[in-house]
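Here's the structure we're looking at; comments come further down.
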Amino acid sequence: MRLFQFIKSKTFFKQAAIAIVGFFILIFGLQWWFGYTTNHNQKIQLPDLNKMSLTEVEEKLKELNLRFEVIDSTRYNPDYPKKSVIEQNPEAGDFVKENRKIYLTVNPTAYRDVVLPDLNGRTKRQAETHLLSIGFKIGTFSYVPDIGKDVVRGMKFKGKTLKPGDKLPKSSSIDLVLGDGKK
């Protein structure tokens, strides 16, 4: 019974009105504060940074009050200048806010070196598949007297004999020395 009388009293209505007004003031205050601190409606369109050097990128992004970080530079692309931007995240044309960090992938100066596997005794087909899968190209074939036909007996690069474990730049052309099947 007392609860019902309290709900009908002036004190309850005053407290409820104060709570509702306080709630709306809090909501509008937070909305204004978030708009102010997050630079709402401010947007900078990202330029296309592809094929730009890092010094050009630094100048361009400094003008726009943006930052950058190089996150990767392992995939060499011969179509791009050395040490230039291959990819950017966010993409060119996207809108960002001031002081945003842009992540860049940079073209290295050359292909990375790859360790040569031991292919001695493998068939021509196995050797070709393995070399192609790790990024090498297949050059010419030469034959030496050996009982095994089309069995790898050596590898050469620009006339120099190679050993397993040697390192060559990815996409190098490797010549295979194979057995002729006669002895």
Please give the charge dipole size of segment 125-175, origin at the Cα centre, charges +1 on K and R Cβ atoms and -1 on D and E Cβ atoms. Round to the nearest 20 debye. 200 debye
How big is segment 45-173 along each principal axis, measuring the range of its Cα positions in Å and listing the largest first? 71, 22, 21
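Provide the convex hull volume over Cα atoms per residue for segment 66-141, in Å³. Don't jump to the answer; show the numbers that get you there.
Values: hull volume 9.1 nm³, N = 76.
Value for segment 66-141: 120 Å³ per residue.
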Just grab the label-to-label distance for R67 and K137, each label 7 Å out from Cα along the Cβ direction, in nm (one decimal). 4.2 nm
Debye, to nearest 20: dipole size of the chain, +1 on Lys, Arg Cβ, -1 on Asp, Glu Cβ: 600 debye
Label points 7 Å out from Cα along the Cβ direction at I44 and T129: separation in nm? 5.2 nm
Per 10 Å bin from zero, what fraction in whole % of the C-alpha pairs of segment 113-182 is there, up to the bin with the longest pair? 23, 58, 18, 1
Would you mind ranking S133, S73, S172 so that the residue whose beta carbon has the fewest other beta carbons within 10 Å leads the list? S133, S73, S172
Amide H contacts under 5 Å for G148, restricted to residues at least 5 apart in sequence or on another chain and with H modeled in the peptide plane, are G181
Let me know the charge dipole size of segment 30-128 about its Cα centre in debye, to the nearest 20, where only the beta-carbon of Lys, Arg (+1) and Asp, Glu (-1) is charged. 220 debye
Cut-off under 5 Å, modelled amide H: who pairs with V70 long-range: L104
If you average 1/r across every pair of different Cα atoms in segment 44-106 and take the reciprocal, what Kirkwood value do you get, in Å? 11.6 Å
Using a Debye calculation, one point per C-alpha and no hydration shell, please list log10 I(q)/I(0) for segment 1-117 at q = 0.19 Å⁻¹ in order. -0.98
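Every number in this text was worked out from the coordinates using simple rules, so none of it is lab data. Worth saying up front: this structure is predicted, and the values here are computed from it rather than measured. Quick reminder, even Gly has a Cβ in these numbers, built from the backbone with ideal geometry, and neighbours come from all protein chains shown.
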